[in-house]
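The values are calculated or read from the model by the stated rules, or taken from the named source; none is laboratory data. Quick caveat: nothing in here was measured; it's all calculated off a predicted structure. Counting neighbours? That spans all protein chains shown, and the Cβs are built from the backbone with ideal geometry, glycine included. With ligands, DNA and RNA removed, areas are computed over all heavy atoms of the protein, side chains included. Shrake-Rupley method; radii C 1.70, N 1.55, O 1.52, S 1.80 Å.
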Amino acid sequence: MNKAQFGSPWMPYLLLAPQMLIIAIFFLWPAAEAVRSSFYLEDPFFGTGTFVGLDNYRDALSASDYRRTAIFTGIFVFLVSLLSLSIGLMLAVSADRVLRGKSTYKTLLMWVYAIAPPVAGLIGVMLFDQHIGPLVDFAAIFGWDYRIGVNYWDTGITMIIVATWKQIPYNFIFFLSGLQSIPKSVKEAASIDCSSQNRRFWTITFPLLAPTSFFLLILNIAYAMFETFGMIDLIVKDQPGNSPVTLVYKVYRDGFRGNDLGGSSAQSVILMLLVLVLTIVQFRLIEKRVHYN
Amino acid sequence: MLRTKIYDHFVLLLGVFIMMGPLVVAFMTSTFDHVLIHKEGMQVGWGGKFIETYSTVLSQQGGFTGEVTGWLMTQNSLILGIGFALGKIVVSMLAAYAIVYFRFRAATFCFWIIFLTLLLPLEVRILPSYEVVQQLGLLNSYTGLIVPLIASATGTFFFRQFFKSIPNELVEAARVDGAGPMQFFFDILLPLSKTMMAAIFIIMFVVGWNQYLWPTLMTTDESYFTLVRGIKQIMQIMIGADIPKYNEALAMAMLSMLPPALVIIIFQRMFIKGLVENEK
Amino acid sequence: MTTLRIKNVFKRYPNGAEAVKGVSVEVGDGELVVFVGPSGCGKSTLLRMVAGLEDVTSGEIELSGRVVNDLEPAERNIAMVFQNYALYPHMTVRQNLAYGLKNRGTSKSEIDSKVEAAGKLLQISDFLERKPSQLSGGQRQRVAMGRAIVRDPAIFLFDEPLSNLDAKLRNQMRLEIKSLQRRLKTAAVYVTHDQVEAMTLADRIVVLNNGLIEQVGTPAEVYSRPDSTFVASFIGAPPMNLLSATLTDAGAQLGDQVLPVQTSLRGDVQLGLRPERIKISQSGSGASIEVTIVEELGATRLVHGIVGGQNISVAVDAELPVPTGQAVISFRPDDAHFFHATTGRRL
């Protein structure tokens, strides 16, 4: 239904002005600047630039460092999404079923959502600290000499665990409200038609949750890509020598620490394209969801 | 039935242990002396130095210049959280109102520009954003801290969705009743949006409070540090100093977590509603 | 005098769809006119154009003698009752009633007296301080009407106001609307897709189909002399039987049956027969019918059968015996309606 109701010639523009102004100054301008400088080789000290075409992109993509970071980012995003989604779903399914203590469980499981990513990183670093971390002692029981900040994969595993931990409440909340929005009559019909709880979950509940899950998957990928920045920054203690980092972190590091403006911008633009693809996928899904309803 | 029940409680208890365990250990450890922590590792139990440590963090922590205290950082965090949430609500509500309830030429164009901002999180365009803010002379200012974060249009999309769910007949009834666009906004739309605004406020407050990257870049002047930003500062001290003050770092982490956690717990229902509706 | 004059009005949407294709209607002072038709016939669009909620593509709308095409809804001196009531959920009943008056700058004391009067008239005085969510469906309906009454408009516009009520309440509210309108003597346009509502409420009925007027007339006229097969099948329940027949000197030929009719018309026609005007008996003279199903309706029975290879239904008084198997039907010759075989217009 067409909602357009009022026809004032100037009012909509006035109403949109603050939003558009902020977007123009703090979004369009920087984004355009990123695209522009990705084609230039800039001298950070004199502010002069030489047009180098796609050189920055070629350099970025061919650097072994970039490829290593990309591979780690892929593994990181995949594992964090998979783990936090499945754990979140498992908890939501149980929380949806229990009668006693439901709201207490819910509150306790949601708590971690409030934590800022760097704070989660700080707690993770402490728990996995070589001197004081109890989890290092735990790993030692299995003969695993856990060395965060020294061993590439030990650091990476810490990041994956902390990022997963931080994201579980988010997925839990969504899955729980998804489960609760399944009509009671459908659940009752299913319990008459199928005696195995397990089977019922995989044949009825899970397919009904599919739209929620697809949607969450996109949000989780976006989270693992971008929002984990602060956590990673804390875990690598601002000195990412040999430690694994994500692509977003590398953009920041190359730009601010390495003063490689062109290279950093080129990486930014590559990430923008990636997000563009993600968003298109997401939009397709939203449209599909409309059909479900 | 009984087996499922036991299984469910087992899973949930395990979940609570995993989610809350680290926080409990972190909190308990923060009540111990830092030398003891250094020698014996993180602690479970009550260290008895709770008041000492937390009052130190709140009142005496100096940074490099000795100007910044935990209190000040808490204030800055509040300013960021509340300013961000309020700014976002005002800006995005106005924009959504224009898009949903007005017929005008540039509507589609504006909509796509706003949509575009959803594509590129701040993290991706961080360097040029920093440069723009620097050129505008907004480094180390609340404006520079808050306004660029509002550029992303999640709020606008949320309000647009919400406005669209309000029955069209209500607008028509208001028009028959002689209400113009301003009156409709203030008399009808605003009161109807109250719950939604509260939900959005809670979400955005938490998001704003927890900002890290942008405040880190934006503020070099310690009097603008937020709690979350301050943690990084402590970490840098940890790398250098002889025996790191683990207890103070953890105490600060606990303090930074408290307000958003309380807001979420108290307004649980609204928070969930806002979160779930918003992302849809 | 006429309150509302709709002159050759068209409505074309930007996507090219035509909702109203040239309609002219007049509503006299104190008259209640019902626009009736199936969904998508343009009746709501027409009403919304009168209200000023939709632009008029071409043609004129005149209210109390002035053209209102370019006036805002609030400037037209109309009042509207919406399908979903459209009460402001955050305002009390009193505030809901007062909102329009307040926007017009009516003085506070006048608002109060008008709201009190409307409350008394509609028996909602006890609920004035409640919110709409605390009211029942019927009470909300009354509030919606109250909001219209306090405006003291030149004309009431009703947009399917009863469609959200259950059947019992609908009958009751229908009566209330009618008696209220009679008492206030204010002109009204009432839109509905329910032909029973149309028949019972209307001073005059406007039957719309596909954006065009099929027929205008009093309920009795529309019922007894439908201008087209569309009107014939839309007005009246159960609907009129429409049979393909060939008129010959012997009568109306339906397959192997000949029905006696009085007309000078010859050739292929559609023969219309109201079920309640047909008599059926087990034996006697008349066309033979093969009874298939009998529906029990309480006061009457609806007998379905086949005459000359075509389906036909006959309403029978419940006290009369139920015919079975082969029976015969008869009707008074002047109860037969004839429509053009292809255009469906009355002949």
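Here are a few things to note about the model shown:
- The listed residues are C:262, C:215, and the only one of them that is out of contact with any Phe, Trp or Tyr (no Cβ under 8 Å at 6 or more places or on another chain), part of a strand (DSSP E or B) and of a type outside the set (Ser, Thr, Tyr) turns out to be C:215.
- Being more than 7 Å from chain B (Cβ to nearest Cβ) and modelled with pLDDT under 90 is a property that residue A:97 lacks.
- Taking the range A:169-203 as the range and being surrounded by 11 or more Cβ atoms within 10 Å (Cβ to Cβ), modelled with pLDDT of 80 or more and among the hydroxyl-bearing types (Ser, Thr, Tyr) as the test, the residues that pass are A:170, A:177, A:181, A:203.
- Filtered residues of the range C:12-44 (kept if touching a strand residue (DSSP E or B) at 6+ places or on another chain (Cβ under 6 Å) and over 29 Å from residue C:178 (Cβ atoms)): C:12, C:18, C:21, C:22
- Within the range A:14-24, the set of residues being of a type outside the set (S, T, N, Q) and facing chain B (nearest Cβ under 7 Å) comprises A:15, A:16, A:18, A:20, A:22, A:23.
- Residue satisfying all of: in the range C:306-347; surrounded by 19 or more Cβ atoms within 10 Å (Cβ to Cβ) and either of a type in the set (A, V, I, L, M) or free of Cβ contacts under 8 Å to residues at least 24 places away in the same chain (or both); farthest from residue C:289 (Cα to Cα) among these: C:336
- Test: residue in the range B:40-50 that is away from chain A (no Cβ under 14 Å), modelled with pLDDT of 80 or more, within 25 Å of the chain's Cα centre (by Cα) and farther than 26 Å from residue B:204 by Cα: no
- Screening A:135, A:109, A:83 for residues that are within 7 Å of another protein chain (Cβ to nearest Cβ) and in a helix (DSSP H, G or I) leaves exactly one candidate, A:109.
- For the range C:298-316, residues that are part of a loop (DSSP other than H, G, I, E, B) and under 14 Å from residue C:271 (Cβ atoms) total 2.
- Positions within the range C:49-73 being facing chain B (nearest Cβ under 7 Å), under 23 Å from residue C:1 (Cα atoms) and aliphatic (A, V, I, L, M), in sequence order: C:51
- When we screen C:27, C:23 for residues that are assigned to a strand (DSSP E or B) and under 14 Å from residue C:188 (Cα atoms), the only hit is C:27.
- If the condition is being more than 10 Å from every other protein chain (Cβ to nearest Cβ) and of a type in the set (Val, Ile, Thr), then the range B:123-143 contributes only B:143.
- For the range C:281-307, the set of residues classified as in contact with a Ser or Thr (Cβ under 9 Å, 6 or more places away or on another chain) and at pLDDT below 90 consists of C:281, C:282, C:284, C:285, C:286, C:287, listed by residue number.
- Any chance residue B:218 is within 14 Å of chain C (Cβ to nearest Cβ) and within 20 Å of the chain's Cα centre (by Cα): no
- Of the residues screened, residue A:195 is one that is over 25 Å from the mean Cα position of the chain (by Cα), within 13 Å of chain B (Cβ to nearest Cβ) and more than 17 Å from residue A:231 (Cβ to Cβ).
- Residue ranges of helices (runs of 4 or more DSSP H) in the range A:8-69 with at least 2 members of a type in the set (A, V, I, L, M) and open to solvent by 30 Å² or more (accessible area, probe 1.4 Å): A:11-23, A:29-37
- Hey, residue B:211 open to solvent by 10 Å² or more (accessible area, probe 1.4 Å) and at pLDDT below 85 or not: no
- Flag if residue B:146 is surrounded by 19 or more Cβ atoms within 10 Å (Cβ to Cβ), within 14 Å of chain C (Cβ to nearest Cβ) and in a helix (DSSP H, G or I): no
- Residue match in the range A:269-286 (condition: within 28 Å of residue A:122 (Cα to Cα) and either at pLDDT below 75 or touching a Phe, Trp or Tyr at 6+ places or on another chain (Cβ under 8 Å) (or both)): no
- Test: residue A:251 is under 22 Å from residue A:80 (Cα atoms) and part of a helix (DSSP H, G or I): yes
- Among the conditions (1) without any contact (Cβ under 8 Å) to a residue 60 or more places away in the chain; (2) within 11 Å of chain C (Cβ to nearest Cβ); (3) open to solvent by less than 20 Å² (accessible area, probe 1.4 Å); (4) assigned to a helix (DSSP H, G or I), residue B:169 misses just one, which is (3).
- Close pairs from the range B:107-119: first among the hydroxyl-bearing types (Ser, Thr, Tyr), partner in a helix (DSSP H, G or I), Cβ under 8 Å, at least 6 apart: B:117/A:23; B:117/A:27
- Residues being under 17 Å from residue B:158 (Cβ atoms), facing another protein chain (nearest Cβ under 7 Å) and aromatic (Phe, Trp, Tyr) - total across the range B:93-122: 2
- Sole exception among (1) part of a helix (DSSP H, G or I); (2) surrounded by fewer than 17 Cβ atoms within 10 Å (Cβ to Cβ) for residue B:77, by number: (2)
- Between B:16, B:90, B:57, B:25, the distinction of being touching a residue at least 12 places away in the same chain (Cβ under 8 Å), part of a helix (DSSP H, G or I) and within 10 Å of chain A (Cβ to nearest Cβ) belongs to B:25 only.
- Residues considered: C:207, C:222, C:231, C:191. Of these, the only one that is free of Cβ contacts under 8 Å to residues at least 24 places away in the same chain and crowded, with 19+ Cβ neighbours inside 10 Å is C:222.
- Scanning the range B:149-166 for residues that are in contact with a Leu (Cβ under 7 Å, 6 or more places away or on another chain) and either within 14 Å of chain C (Cβ to nearest Cβ) or on the phi > 0 side of the Ramachandran plot (or both) yields a count of 1.
- Residue count for the range C:1-43, restricted to those that are among the polar types (S, T, N, Q) and either open to solvent by 50 Å² or more (accessible area, probe 1.4 Å) or touching a helix residue (DSSP H, G or I) at 6+ places or on another chain (Cβ under 6 Å) (or both): 4
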